[in-house]
Structure formats: C-alpha cells, structure tokens
Amino acid sequence: MDMEYVRSRITELRIQRGISEYQLSYEAGHSRNYIHNIVAGHSQPSLKELFYIIEILGVTPKDFFDDKKVNKNPILVQEIVRELENMSDKDLEAVLSVVKRLKDKDM
C-alpha cells in the first residue's frame with residue numbers, strides 16, 4: 001500500500017469534509033495528534049483503523065482508493081446521490097437534462 005497516497009488522500013477528503021485533524025482523530029476515538037501523526041508519516045494506521053477513518057470521512061473504500069480521480073469529490077457526489085434518491089421521476093428527468101446541458105457546455 002502506498003502510504004504517501006493514503007496520507008494525502010486522508011488530508012484531501014478531510015479538507016473536503018471541512019473537519020480538522022483533531023476532529024477526525026476525536027471521531028476515530030484517538031488522541032488529538034493521531035491523524036496528524038499519520039499524515040506526517042510518523043505512524044501508520046492498522047487496516048482496520050484505516051477503514052474506520054475512511055468510513056468517518058464518508059466515502060467508500062473504492063472511492064478512497066480511486067487513483068484515477070474520476071470522482072474528485074466523492075463526498076459531494078454521495079450527497080447528490082442521496083438527494084436524488086428522494087426525487088420523483090419527473091424531477092430526475094429535469095436534473096438529467098441539466099446535467100447533460102452542463103456537460104455539453106464544458107466540451
């Protein structure tokens with residue numbers, strides 16, 4: 001496992017979620033410097049702890065380890081999907097047309 005990738009990914013997702021290293025350490029049930037020590041390269045989490053950190057960050061392991069960066073902000077994408085799940089078919093069709101229009105605009 002590439003620990004440099006893991007350290008940078010934890011930092012990237014933590015910032016996207018808007019929480020500090022201290023908060024993430026606290027949510028993981030550790031001392032205030034736990035996450036700092038991981039991202040600074042002073043320690044490594046166990047596999048069990050890493051998966052727990054990933055869960056706290058609100059992403060799937062697949063999204064965490066997706067090095068293709070197809071999904072640059074998985075936290076935001078998952079929030080959008082949760083909102084879409086509660087929409088009617090008519091609203092979903094409207095959202096789809098807006099997404100297609102925005103995609104075509106960028107090309």
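The values are calculated or read from the model by the stated rules, or taken from the named source; none is laboratory data. Just so you know, these numbers come straight off a predicted model, no measurement behind them. In this analysis, Cβ positions are derived from the backbone assuming ideal geometry, glycine residues included, and neighbour counts consider all displayed protein chains. These area figures cover heavy atoms from the full protein model, side chains too; ligands, DNA and RNA do not enter into them. Shrake-Rupley method; radii C 1.70, N 1.55, O 1.52, S 1.80 Å.
Structure notes:
- For the chain: accessible area per residue (Å², 1.4 Å): 71 Å²
- Label-point separation in nm, Met3 to Glu79, each point 7 Å along Cα→Cβ: 3.2 nm
- Lys62 versus Glu27: modelled label distance in nm, points set 7 Å from Cα along the beta carbon direction: 2.2 nm
- Once the Cβ-Cβ distance of Ser88 and Glu55 is raised to the sixth power relative to R0 = 41 Å, the FRET efficiency obtained is 0.85.
- Nearest 10 degrees, 0 to 90: helix 3-17 Cα axis against the chain principal axis: 60 degrees
- Taken about its Cα centre, the chain carries a charge dipole of about 220 debye when Lys and Arg each add +1 at the Cβ and Asp and Glu each add -1 at the Cβ.
- Reachable aspartates and glutamates from Lys62, criterion Cα separation under 20 angstrom, eight or more residues apart if same chain: Asp2, Glu4, Glu12, Glu49, Glu79
- Sulfur and carbon atoms: percent of accessible area, the chain [1.4 Å]: 54 percent
- When the inverse distances between all different Cα atoms of the chain are averaged and flipped, the Kirkwood radius reads 15.6 angstrom.
- Gyration tensor over the Cα atoms of region 1-63: the corresponding equivalent ellipsoid has semi-axes (square roots of 5 times the eigenvalues, largest first) of 14, 14, 11 Å.
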